[in-house]
Amino acid sequence: MPGVSTFDGATPVETITSFIDDIGSGPDAREAMVELLFEQSAIYAGRTTAAAERIRGSILARFESVGLAAMAIPFVLEDLETSQNPYIVAAAAKALRGAEDDLPASVVPALLAAVERIRTKDDRFLFDCSGPTANRPKSALQEVFQTFTWLGAKAQGAAAPLTALRDGTSVFAPDVTAELRKAVTAVAASATHACCASRKVQHETRSSPDVDLATIEVQDQDGTTFPLGAYIDGRVSVIAFFYTRCMNPEKCSLTITKLARLQKRVADVGLDEAINIAALTYDPDFDLPNRLRAYGTDRGLRFDHRTRLLRTIGHFEPLQRAFALGVGYGPSTINQHSLDLVVLDRGGKVQASFSRVQWRDDEVLAALTALSKRIETEPTTGGPMS
C-alpha cells in the first residue's frame with residue numbers, strides 16, 4: 001500500500017496517524033496496519049516512548065472499524081496483559097471489537113487484568129474525530145467495559161469479577177459505572193457456547209539462518225566473556241529477553257521473577273544439570289555485569305554455571321535478527337518491546353517460542369522436558385555447534 005514503505009523515524013507522527021485515519025478497509029489496509037505494529041519497524045526508530053505509543057494506539061484503535069486482522073491479535077493481547085498506559089489499553093479494547101471470528105480464550109482474563117491495572121489511573125481519549133462520537137472522549141475503562149458488552153455471553157468467565165466490581169466500594173464516574181452495568185448484564189446472559197478458541201502456544205523455528213550464534217560474544221553477571229554458542233552447545237536452553245531500565249512491572253521484572261520460578265521447577269524435576277536458563281538484555285551498553293547480578297538476585301534468580309544473565313559485547317542487532325525479536329530503540333533507550341522467550345535444542349535451533357503472550361511456567365517446563373527426553377535417545381557427537 002502506498003505510503004507505508006516510505007515511513008521512518010523522521011516521518012511526523014501526525015503524518016502517520018492521518019494515514020491510519022484514512023487507510024480505508026479491506027485485507028490490504030489491515031495488512032499494512034499490522035506491518036506498522038512491529039516494534040522494530042522503521043517508523044519507531046529514534047522516537048520517544050510517548051511518540052511510539054501514540055502511533056501504536058492509533059493503529060490498534062483503527063482495527064475496530066477496518067476489521068481486526070488475525071496477525072494483529074497477539075499484539076492486542078500483549079497490550080491488554082501488560083500495558084500500563086490507559087491510552088494503549090483503550091485502543092486495544094477497541095481493536096477487539098473489530099474481530100470477525102472467535103477470539104483466543106485469553107481475551108477475557110487479559111481484559112480483566114487490564115481493568116485492575118488501570119482502574120486507579122483511568123483517563124479519557126478521543127479516537128473518533130467525526131460522526132456522533134466527535135468531541136465525546138471515553139475513558140479507557142469505558143472502552144474495556146464496552147468490549148465486555150460486545151462479547152456478551154461469550155465472556156462468561158468475567159461475570160463474577162465484573163459483578164463484584166459493580167457491587168464493590170470502587171467509585172467510578174457515572175458514565176463509567178453505566179458502562180460497567182451494561183457489561184454485567186450482557187455477560188450474565190445465558191449462553192450455550194464458550195467464548196473463544198483455546199490458548200495456543202507457538203512452536204516454530206524463528207532463528208535466522210544467516211546468524212551464527214557461535215560467533216556472538218556475550219558477558220555474564222560475573223564479567224566472564226564467552227561465545228554464546230559455547231554456552232548453548234550440547235544442552236537444551238531457555239532464553240528470555242529483558243532490560244533493567246524497563247518501567248513496566250508486567251514485562252521485564254516479571255520475566256526474570258518467572259525465570260527464577262522456572263529455575264526451581266527445573267531443579268525439582270531433576271533437569272537442572274541438563275538445561276541452561278538465561279536471559280539476554282536488550283540494553284547491553286547500560287546493563288553491565290554488576291547491574292545484571294543485582295537485578296537477577298533481587299528477583300530470586302540463583303546464578304550458577306547453567307543459569308546466567310547476559311549482555312552482548314557489541315551491538316544487540318544480530319540477536320534481534322536471529323530470533324526475530326520485537327524491540328525498538330529511542331534516542332536513549334528502548335521505546336517499546338514485546339515479550340519473548342525461546343527454547344533451543346542443543347544445536348541452538350529454536351524448538352518452541354512464546355511470543356507476546358505471558359508465558360506460563362508449566363508450558364515452558366513441558367517444552368523443556370519433552371525436548372530433553374527426545375535428545376536422550378540421540379547420539380552424542382560433541383554438539384552441532386562444536
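FYI, it's all coordinate maths here, none of it is from the lab. The structure displayed is predicted, hence computed values, not measured ones. A quick note on method: Cβ atoms are made from the backbone with ideal geometry, for glycine too, and the neighbour counts reach across all protein chains shown.
Per-structure values
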| item | result |
| --- | --- |
| Matching label, volume of the Cα convex hull per residue in Å³ computed from the structure shown, candidates [x] 157; [y] 235; [z] 144 | [x] |
| Selection from Ser58, Ala69, Gly152 lying farthest towards where the dipole of region 4-188 points positive, charges on Cβ | Gly152 |
| Calculated P(r) of region 213-376 - Cα pairs past 28 Å, % | 11 |
| Extent along principal axes [Cα atoms of region 4-188; Å; largest to smallest] | 51, 31, 30 |
| Positive-end residue of Ile216, Cys252, Val238, charge dipole of region 214-261 with Cβ unit charges | Cys252 |
| Gaussian network model of the chain, springs between alpha carbon atoms under 10 Å - residue of Val364, Val34, Val211 with greatest fluctuation | Val211 |
| DSSP-assigned coil residues among GluC sites (Glu not before Pro) in region 77-166, each with at most 12 further Cβ atoms within 10 Å | Glu100 |
| Out-of-range pairs (alpha-carbon distance over 22 Å; input Lys121/Lys251; Lys94/Lys182; Lys94/Lys258) | Lys94/Lys258 |
| About the Cα centre, charge dipole magnitude for the chain (Lys/Arg +1, Asp/Glu -1 at Cβ), debye | 940 |
| Amide proton proximity set for Ile216, modelled H, under 5 Å, gap of 5+ | Leu228, Gly229 |
